[in-house]
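The next block holds one structure in the form of structure tokens; read it before the comments.
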Amino acid sequence: MNIMAKLFIGFHVWMYRLTGGKLGGRIGKFDVLILTTKGRKSGKILSAPLGYFERDGGYIIVASNSGASNSPSWYHNIKANPDDVKIQVKDKKMKVKPEIILGAARRPLYDWIVSIASNYGEYEKTTTREIPLVFLKP
């Protein structure tokens with residue numbers, strides 16, 4: 001990731017936290033949460049703003065990486081350190097239990113997400129990997 005992207009993400013996270021999500025709580029038509037994980041290699045605490053979908057008392061995030069051939073770093077961090085995952089949704093901070101959803105259980109949820117946000121359907125067409133979903137349960 002280049003320095004400008006890192007600066008933008010850092011500023012976004014800072015503004016979101018400062019304003020309780022009033023600034024940075026939406027990008028386009030997507031609601032945004034702040035995902036905080038422990039780096040699988042560095043051990044550092046890392047945060048990323050991500051679009052999410054509310055469902056069944058939790059939050060679904062999509063490890064699409066915009067259709068790249070590899071999953072985003074935060075996804076690997078969740079897999080490596082599932083007990084160290086927190087989110088902030090607007091002004092509410094919480095520890096969550098992540099559940100990775102793949103295979104047959106993933107398809108109906110992914111189709112539901114694509115019905116709301118068609119760009120995820122496009123991402124699926126540009127990669128050969130199965131794009132994971134992560135259900136974050138408070």
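Here are the numbers for this structure:
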| read-out | value |
| --- | --- |
| The stretch 56-66 - residue that is among the small types (Gly, Ala, Ser) and touching a helix residue (DSSP H, G or I) at 6+ places or on another chain (Cβ under 8 Å) and, of those, farthest from ASP84 (Cα to Cα) | SER66 |
| Number of positions in the stretch 110-130 that are under 17 Å from the mean Cα position of the chain (by Cα), open to solvent by less than 40 Å² (accessible area, probe 1.4 Å) and either of a type in the set (S, T, N, Q) or more than 18 Å from GLY67 (Cβ to Cβ) (or both) | 0 |
| First in the stretch 103-128 and more than 12 Å from ILE60 (Cβ to Cβ), second anywhere and in a loop (DSSP other than H, G, I, E, B) and open to solvent by less than 50 Å² (accessible area, probe 1.4 Å), Cβ under 6 Å, 6 or more apart | TYR123/SER64; GLU124/ILE131 |
| Neighbours by Cβ (under 7 Å, 6+ apart or cross-chain): first from the stretch 39-66, at positive phi; second not hydroxyl-bearing (Ser, Thr, Tyr) and not in a strand (DSSP E or B) | ASN65/PRO72 |
| Exclusive hit being under 24 Å from LYS29 (Cβ atoms) and not charged (D, E, K, R), set ILE100, ILE116 | ILE116 |
| The stretch 3-55 - residue that is more than 12 Å from ILE87 (Cβ to Cβ), part of a loop (DSSP other than H, G, I, E, B) and not charged (D, E, K, R) and, of those, most open to solvent (accessible area, probe 1.4 Å) | LEU23 |
| Members of the stretch 56-88 that are in contact with a strand residue (DSSP E or B) (Cβ under 9 Å, 6 or more places away or on another chain), in a loop (DSSP other than H, G, I, E, B), of a type in the set (Gly, Ala, Ser) and closer than 22 Å to THR126 by Cβ | ALA63 |
| Flag for LYS93 being open to solvent by 70 Å² or more (accessible area, probe 1.4 Å), part of a strand (DSSP E or B) and either without any contact (Cβ under 8 Å) to a residue 12 or more places away in the chain or aliphatic (A, V, I, L, M) (or both) | yes |
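The values are calculated or read from the model by the stated rules, or taken from the named source; none is laboratory data. These numbers were taken from a predicted model, which means no experiment stands behind them. Methodologically, a virtual Cβ is constructed for each residue, glycine included, from the backbone with ideal geometry; neighbour enumeration extends over all protein chains shown. Surface areas here come from the heavy atoms of the whole protein model, side chains and all, with no ligands, DNA or RNA. Shrake-Rupley method; radii C 1.70, N 1.55, O 1.52, S 1.80 Å.
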